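First up is the structure itself, then whatever we jot down about it.
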Amino acid sequence: MTDCLQTVSLTKGPIDEVEEFTYLGSVLSTTQGSEQDVEARLGKARTVFRRWINCGNPKSLEEQLKYEYSTNVKTVLLYASESWTFTQRTINTLHVFINQSMFMQDG
């Protein structure tokens, strides 16, 4: 891929250069930027949200629910987001997910 970089090698030989890999749950890609990681994080956050909302949380604990939502769902969604390249599309996608899940939580 890149001829100007030196080859990294270990005792068993050179390390292959790849276009994409997953490290600590984050998808790193040389071709698609942050899009794949954002989509993977959204999928994980949806799963956590569904499990969390199905626990039968009582409405009387509204403030507690908002705290739990932030600590459980948003944490999964935004893990490693400091390495994302934010485009307007990425921001809109995140806003849609958060707004939809907050609406589902309230109603």
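The values are calculated or read from the model by the stated rules, or taken from the named source; none is laboratory data. Quick caveat, the model's predicted, so the values are computed rather than measured. For neighbour counting, all protein chains shown are included, and Cβ atoms are generated from backbone atoms with ideal geometry for every residue, glycine included.
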Selected residue (criterion: nearest to the chain's Cα centre (by Cα)) from residues of the stretch 30-41 that are in contact (Cβ under 8 Å) with a residue 40 or more places away in the chain and part of a loop (DSSP other than H, G, I, E, B): Ser34
Residue count, the stretch 79-105 (criterion: assigned to a helix (DSSP H, G or I), closer than 19 Å to Ser26 by Cα and modelled with pLDDT under 85): 3
So Val27, is it hydrophobic (A, V, I, L, M, F, W, C) and either modelled with pLDDT of 85 or more or within 11 Å of the chain's Cα centre (by Cα) (or both): yes
In the stretch 35-78, the residues that are modelled with pLDDT of 80 or more and among the hydroxyl-bearing types (Ser, Thr, Tyr): Thr47, Thr75
